[in-house]
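Chemist: First the structure, which I've put down as structure tokens, then a few questions once you've had a look.
The values are calculated or read from the model by the stated rules, or taken from the named source; none is laboratory data. Everything numeric here is computed off the predicted structure, so don't read it as measured data. Here the Cβ positions follow ideal geometry from the backbone for every residue, glycine too, while neighbour counts run over all protein chains shown.
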Amino acid sequence: MKYFIIFGPPGAGKGTQAAPMAERYNLKHISTGELLREEIAAGTDLGMQAKALIDAGSLVPDVIVEGMLAKSFAKGKGYDGFLLDGFPRNLQQAQDLDAMLEARDESVTAVISLMIPDETIRQRISHRAALEGRADDASEATVTNRIKTYHAQTEPLIEYYKYEKKYHEVKSVGTIAQVGGRIKRIMDKLV
Ligand code: ADP
């Protein structure tokens, strides 16, 4: 199995690009944010625990997202691999992912990193707030904290994956199709 990670700050377009990528390369798309929102919508205990943290723009505990991830990995039958969207989000998660994959003699195939400036993050998220109605997009304070959380906890993973020679960067500006084309040029060499 191949294990791809689509990486980037909030609002970089990970979810938007992940859907066509997953389809083109027959990958199971796993969005930890989406899985958490499903738990919230279903009103589970896990969802209730996660909601306060998501609304604050903080990360949900590693053990929660990693439990969801393990369950999703078990549903990979018929796929050529997985496309992780929103995971890993800190160093501990990256190390736990490596350990999880090593236990089955597998490893991360590559990281596709979508880059946008902080000003663009805000513009895109406020636009998306109107379209999708996500509570964590609607509050300026939440968005500010998500950007902060990204720089403090998630961005250091760039060095982690560069060191492992798995890091590929794409400018996530222009049209959705333009960004998709840049991703395709990289992915076609990796599958
Ligand atoms: P975005 O990329 O716009 O931030 P996501 O849907 O990926 O949106 O994530 C929404 C929220 O869900 C995050 O701000 C965080 O609170 C929580 N979350 C998602 N993935 C993780 C993760 N891997 N670890 C911890 N929290 C997560």
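Chemist: Could you say whether any residue in the range 94-108 is near the ligand (Cβ under 10 Å from one of its atoms), aliphatic (A, V, I, L, M) and more than 17 Å from residue 161 (Cβ to Cβ)?
Modeler: Within the range 94-108, none of the residues are near the ligand (Cβ under 10 Å from one of its atoms), aliphatic (A, V, I, L, M) and more than 17 Å from residue 161 (Cβ to Cβ).
Chemist: For the range 1-43, give me each residue that is hydroxyl-bearing (Ser, Thr, Tyr) and either within 25 Å of residue 140 (Cβ to Cβ) or at pLDDT below 95 (or both). Break it down stepwise before answering.
Modeler: The initial filter retains those residues of the range 1-43 that are hydroxyl-bearing (Ser, Thr, Tyr), namely 3, 16, 25, 31-32.
Correct list: 16, 31, 32.
Chemist: Scan the range 9-34 for residues that are more than 8 Å from the ligand (Cβ to nearest atom) and closer than 23 Å to residue 145 by Cβ and jot them down.
Modeler: Of everything in the range 9-34, those that are more than 8 Å from the ligand (Cβ to nearest atom) and closer than 23 Å to residue 145 by Cβ turn out to be 13, 16.
Chemist: Let me ask another. Can residue 80 be described as within 24 Å of residue 161 (Cβ to Cβ) and surrounded by fewer than 13 Cβ atoms within 10 Å (Cβ to Cβ)?
Modeler: Values: within 24 Å of residue 161 (Cβ to Cβ): yes; surrounded by fewer than 13 Cβ atoms within 10 Å (Cβ to Cβ): yes.
Judged against the criteria, residue 80 is a match.
Chemist: Then there's this: Does residue 53 meet the test of being closer than 13 Å to residue 84 by Cα and of a type outside the set (Asp, Glu)? Before you say what the answer is, go through the steps one by one.
Modeler: Working: closer than 13 Å to residue 84 by Cα: no; of a type outside the set (Asp, Glu): yes.
Considered against the rule, which asks whether it is closer than 13 Å to residue 84 by Cα and of a type outside the set (Asp, Glu), residue 53 comes out as no.
Chemist: Given (1) part of a helix (DSSP H, G or I); (2) closer than 15 Å to residue 14 by Cβ; (3) in contact with a helix residue (DSSP H, G or I) (Cβ under 8 Å, 6 or more places away or on another chain); (4) not β-branched (Val, Ile, Thr), where does residue 145 come up short, assuming only one miss?
Modeler: Failed condition: (2).
Chemist: Which residues, taken from the range 1-27, are part of a strand (DSSP E or B), over 13 Å from the mean Cα position of the chain (by Cα) and not aliphatic (A, V, I, L, M)? Please lay out each step first, then the result.
Modeler: The first filter runs over the range 1-27 and keeps only residues part of a strand (DSSP E or B), leaving 2-7, 27.
Those still in the list that are over 13 Å from the mean Cα position of the chain (by Cα) too: 2, 27.
Scanning the range 1-27 gives a single hit, 2.
Chemist: For residue 120, indicate whether it is surrounded by fewer than 18 Cβ atoms within 10 Å (Cβ to Cβ), among the β-branched types (Val, Ile, Thr) and in a helix (DSSP H, G or I).
Modeler: Working: surrounded by fewer than 18 Cβ atoms within 10 Å (Cβ to Cβ): yes; among the β-branched types (Val, Ile, Thr): yes; in a helix (DSSP H, G or I): yes.
For residue 120, the condition - surrounded by fewer than 18 Cβ atoms within 10 Å (Cβ to Cβ), among the β-branched types (Val, Ile, Thr) and in a helix (DSSP H, G or I) - is met.
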